[in-house]
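Below is one structure; the comments refer to it alone.
Values quoted throughout were computed directly from the atomic coordinates according to the rules given, and no laboratory measurement underlies them. As the structure is a computational prediction, the values presented were derived from the model and not from experiment. Here Cβ is always computed from backbone atoms with ideal geometry, including for glycine, and neighbour counts include all displayed protein chains.
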Amino acid sequence: MHKTRVMCNNLGRERCFAIGGETQELVKECVYLEQAVTAEPNHESERTRRLRMGGSTFGKHSQTMNCSLPLSLKRKVYNSCIIPVLAYGAETWRLTKRVQLKLRTTQRAMERKMIGVTLRDRKRAEWVREQTGVKDIIVEIKKKKWIWAGHVARRQDNRWSLRVTDWIPRDGKRVRGRQKIRWVDEIKKFAGITWQQKAQDRVDWRNMGEAFALQWA
């Protein structure tokens, strides 16, 4: 039981739990299946952790990225080693404009290092991307999200992933003011309110996913 941790959400009362006579540690945050889990109803901690891990992984490949090796090799390393770290689990995030900006800023900094330029060189982001030719982090996350949405829609076992997607608060109301973006909102906006029915056709859903992701290219 040494790996067991106890966490309460903001609505619950914190209290100690004992299993087999052993008191379990009460935490505010823990890592489960390589993702940071917190009591807060957002992914801020995990997003920060992803950016940090992406930077760390890029640093481990610094000899490859900073030397005079061909860009084709650097591109291959970046797409196969860095992108997966940055995008791990991101299909479940709410990608606000603020989050997208952080991800793009991080990726652009890495790309500049790959070709040996700095902000002082005043090279446009489009020019840098033409040189590196790496995958766009936002496009890759959107692809993952679309694929995951299809998996959720086609589930037949009533798992939590489907139940929470369709969940409506007991009073059926949202708070006043500008509404927070929900995970499913952009899927509905692109595919319509019948997106779950459309997702049953894997071929059509895959084709729609390409168009969905390319909006951010």
Taking every eigenvalue of the Cα gyration tensor of segment 42-135, multiplying by 5 and rooting it, what semi-axes result, largest first, whole Å?
23, 15, 11
Plugging the Cβ-Cβ distance of Ala211 and Ser62 into 1/(1 + (r/R0)^6) at R0 = 25 Å yields, to the nearest 0.05, a FRET efficiency of 0.10
